[in-house]
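Take a look at the structure below.
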Amino acid sequence: MKRIAIDPISRLEGHGKITIFLNEEGAVENAYLQIPELRGFEKFVEGLPVEEIPRVVTRICGV
Amino acid sequence: MKLKIGIYWGAACGGCDVAILDTHEKLLEIADMADIYLWPIAMDFKYSDVRAMKDGYLDAVLFSGGVRNSENEEIAKLLRRKAKAMIALGACAQLGGVPGLANMYTREEVLRRVYLESESTTNEKGIMPLESSKEDGFDLELPRLYNTVKTLNQVVDVDYTIPGCPPASLQIYSALGLIADDMLPKKGSVIGAGDRALCDECARKKGEKTITRIYRTHEKLPDAETCFLEQGFICLGPATRSGCGSRCIKSWTPCRGCYGPLDDVSDQGIKMVSALASVMEPKEEKDINALLDTVVDPLRTFHRFSLASSILRRKKA
């Protein structure tokens, strides 16, 4: 089984990779999109003073 | 000779990349100055292209984002080998940035919250990201999420730093000019920023500061002209490098320190605590404690951008 990696996926905000598996005939057997990143905003905004939230969560995506 | 540069991001939001794009028509001058050999947000080069370069092939790499997982570290080390000058771009690469606040928790606490507990998560099977897994017989890999968010210089040798969250666009442009003109200062320098505290460029009026309590921004309307700190709003100006153009201050918002510490200050947050201590009116311990009780969430206030680089660094394991 042949494997093709598109890594990184480009021209988007964030990280991603695509892995494509080809069978013996060279046809696509399966393909996966994976997101290899995590920062954890869901956790570290817990308990943050509400007036500070706007300028913290704007750092989720700067695009 | 045209420069060869690479632009990359670790644990970032893309804001530094957009700050480069926000040089607007000067982007054409940057394109005259440099050829770009990696820039995931805007161009299609792959890691395999970088691996194929000989060492030292790139004149400079601008690396934004912190080092949060094994992929960030692997690519940081790869780019370090390929670059003559490694430049930390922005607060996350320099200090860990806002994502560095995850160091208040363990890796497991972060993963549990994100993939199992959050109100918007549906994950009945409790599937968690794995470094290697088998899906329908196919082998898949993911980077390892680290327990600790690291700054770029905690994993590779960094030559220069352009601070800010995000760095002001014209500051990036001027820093690139230093590279192109071979005018870079001594290794380790901060470029594309001032060398004094933000207070020195802030237009608000400063007088004698005798703070009796701290106010949250919704508790009192600040006046238009006086220093925020003098009015009792925590403003990180005294502990923060100038160069941002007072963006937040001009928007009636006290500084949170994204431009990082001044030269020879190792811990920006502690420096701010020291600055605050020097302007408090109370002299008795009881009164000092009462004032400090009005500081809400001190860790994420004083170390908003710099926890990963501070002497506190992270929650004890």
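The values are calculated or read from the model by the stated rules, or taken from the named source; none is laboratory data. Note that the structure is predicted; figures quoted are calculated from it, not measured. As a convention, Cβ positions derive from the backbone with ideal geometry for all residues, glycine included, and neighbour counts pool all protein chains shown. Surface accessibility is based on the protein's heavy atoms, side chains included, excluding ligands, DNA and RNA. Shrake-Rupley method; radii C 1.70, N 1.55, O 1.52, S 1.80 Å.
Listed values, structure above:
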read-out	value
Per-residue mean of C-beta atoms belonging to partner chains within 10 Å, peptide A:3-11	5
Share, in percent, of DSSP beta bridges within the protein assembly as shown that are antiparallel, nearest 5	45 percent
Within a Gaussian network of chain B (alpha carbon springs, distance under 10 Å), most fluctuating of B:R241, B:R213, B:R112	B:R112
Residues along region B:263-302 losing 40 Å² or more of accessible surface when the other protein chains are present rather than the chain by itself (probe 1.4 Å)	B:R300
Length released on extending from B:K134 to B:S266, taking residue separation times 0.36 nm less the Cα-Cα span	43.0 nm
Label-to-label distance, nm, for residues given as B:E25 and A:I6 (7 Å Cα→Cβ offset)	3.7 nm
For region B:107-146, alpha-carbon Rg and Dmax in angstrom	11.5, 32
Over the protein assembly as shown - Rg/Rh using Cα atoms and the Kirkwood inverse-distance radius	1.01
Loop sites in region B:16-66: trypsin sites (Lys or Arg not before Pro), DSSP, at most 16 other Cβ within 10 Å	B:K54
Rough spin-label spacing in nm, given labels placed 7 Å along Cα→Cβ, for B:E225 and B:M43	5.1 nm
11 Å reach of a label modelled at B:A317, 7 Å along Cα-to-Cβ, counting backbone N of region B:125-155	B:147-148
Accessible area per residue in Å² at 1.4 Å probe, computed on the protein assembly as shown	47 Å²
Proximal charge balance of A:K2 [Cβ under 15 Å; K/R count +1, D/E count -1]	-3
Two-decimal ratio, chain A, of alpha-carbon radius of gyration to 2.2 N^0.38 Å	1.71
Three-way shape label, region B:126-277, alpha-carbon gyration tensor, a/c 1.5	oblate
Diffusion constant of region B:18-146 at 25 °C, which comes from Stokes-Einstein with the Kirkwood Cα-pair radius and 0.890 mPa s, µm²/s	140 µm²/s
Translational D in µm²/s for chain B (Stokes-Einstein at 4 °C, 1.567 mPa s, Kirkwood Rh from C-alpha pairs)	61 µm²/s
Cα gyration tensor shape of region B:198-309, rounded if a/c is under 1.5, else prolate or oblate by comparing a/b with b/c	oblate
Average partner coverage of B:13-23, which counts Cβ from other chains inside 10 Å	3
Total accessible area lost when B and A pair, probe 1.4 Å, Å² to nearest 100	4100 Å²
Added length on full extension, which subtracts the Cα-Cα distance from 0.36 nm per residue, B:R196 to B:R81	38.1 nm
Share of carbon and sulfur in the accessible heavy-atom surface of region B:110-176 [1.4 Å probe, %]	48 percent
Share of carbon and sulfur in the accessible heavy-atom surface of region A:2-60 [1.4 Å probe, %]	58 percent
D_trans [Stokes-Einstein, Kirkwood Rh over alpha-carbon pairs] for region B:73-126, 10 °C, 1.306 mPa s, µm² s⁻¹	114 µm²/s
